[in-house]
Amino acid sequence: MQTVRWTELAAVERQRLLTRPAIRDGGSIAAQAAAIIERVRQEGDVALRDLTARFDHVDLSTLQVADDEFAWAEAALTSEQRQAIGAAAENIATFHRAQQPTDLTVTTAAGVTCERVTRPIPRVGLYVPAGSAPLPSTALMLAVPASLAECPRVVICTPPRADGRADPAVLVAAQTAGVNEVYKVGGAQAIAAMAYGTATVPKVDKIFGPGNAWVTAAKVQVAQDPAGAALDIPAGPSEVLVIADDSADAGFVASDLLSQAEHGPDSQVVLVTTSAALAKATLEQIHQQLTALSRRSVAEQALAASTAILVADLEQAFTVSNAYGPEHLILQIAEPRRWLDRVSAAGSVFLGPWAPESIGDYCSGTNHVLPTYGFARSHSSLGLTDFLRSMTVQELTPDGLRLIGPTAQTLAALEGLDAHGNAVALRLAALDAETLT
């Protein structure tokens, strides 16, 4: 990690420092994702099998996970592993169940009733990454709220292992959350398959889940096509920003930075601190802790694009953080809750030394599918309502139409929309005729 002083940087240098590496290569990634999407649309399952052989190095005769593979997955995990998945699922369900929206009915004027009602999205597709690091936790984060929302059809796409099977922990997590329709397809091709459908993979209405830069690019592209599928949030390579002062434990800070760096070489970690001594100690701890990591080489690649930023005070630290808009924000500072109101852009916030980011990744109950690339400035973390859609309803009595109909006529005339006004006028005239008779 490089170390820089924020106050010594020009505006253009600050902007570049906070630019994600994946965005710098965004043009070529978008073009590659578009080519994959078009091929899947044209060739369907043939393209899926060929791209799976090319990218995942496995030839598949069937794409869908069968019952015997689910049984194998169950037997492949220890009781302790299955219990951990179950415990995490319960905490996630508890937090998301509390988010259930309430339908509302409001009388806006005498005789005028307006309502807001919710319905589950009929068909949802969940993408669960499983490349160099399978993510059963993501299967829980997506499938649990989908099940709570009672979406009629829920499907999962996840990359196959080298032996042609799906990761067993992902399958157990899916079944624990109530999802039994899983396809062994990964990458941008999985997004295309769910967006447009193939002979095997069904078309869905909305796609959920994080992924690499190609997956994110594919989600954005199919969401822009009316024939494609909506996306949840822009959730790409993982990232974390830690704000720390001189009260922070350098070992804790280093462990949080490394927990994100090990996700992948395109992940990014940022330390923003008021203490040069803490920055130095954290970098030393990173070097020490790296030696014990099984994914050391992956973490080192991510660290090469990461930064430690020295700031003048905590106010400046939060200015930097809000400009970056991190997926995960950890506050390793004295009285962290006192500073929470200062946070305006973050996917998920972790307060104090005893809330490591990995707890949120797995089992606290909050969702770990979060906006990245700075989209935390405009997007929220994934929740139950993302699997629902709302619609409004209005009902008027004759007296209600008499009361507000003239308002609609006046506004229609202002806009020059005669048919709008006439739709009201005809009904008012009918009511007047009934009154006369």
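None of the figures in this text is laboratory data; all of them are computed from the coordinates on show. Please read these numbers as outputs of a predicted model, since none were measured by experiment. Virtual Cβ from ideal backbone geometry, glycine too; neighbours counted across all protein chains shown.
Brief remarks follow.
- In the chain, Cα pairs under 8 Å separated by at least six residues give a relative contact order of 19 percent.
- Note on the chain: helix-only mean residue ellipticity at 222 nm, from DSSP H runs of 4+ residues weighted -39500 (n - 2.57) and normalised by residue number, equals -14000 deg cm²/dmol.
- Alpha-carbon centroids, the stretch 217-262 and the stretch 14-91: separation in whole Å: 17
- Assuming charge only on the beta carbon of Lys and Arg (+1) and of Asp and Glu (-1), the dipole of the chain about its Cα centre is about 420 debye to the nearest 20.
- Förster radius 25 Å - calculated FRET efficiency between residue 389 and residue 413, Cβ distance, rounded to 0.05: 0.15
- Distance (nanometres) between label positions extended 7 Å along Cα→Cβ at residue 94 and residue 378: 3.6
- A Gaussian network model of the chain, with springs between Cα atoms under 10 Å, assigns the largest mean-square fluctuation among 241, 382, 351 to 351.
- Based on Cα contacts under 8 Å between residues 6+ apart, the stretch 239-299 shows a relative contact order of 43 percent.
- Extension gain for residue 104-residue 16 works out to 27.0 nm (0.36 nm per residue, less the C-alpha to C-alpha distance).
- Under 22 Å of direct C-alpha separation, and excluding same-chain neighbours fewer than eight residues apart, residue 203 reaches these lysines: 184, 219.
- Ranked by how many other beta carbons lie within 10 Å on average, peptides 424-432, 302-310 from highest: 302-310, 424-432
- Nearest 10 degrees, 0 to 90: helix 79-97 Cα axis against the chain principal axis: 40
- Which labelled figure in (i) 1.07; (ii) 1.00; (iii) 1.02 is Rg/Rh (Cα atoms, Kirkwood Rh), once derived from the coordinates: (i)
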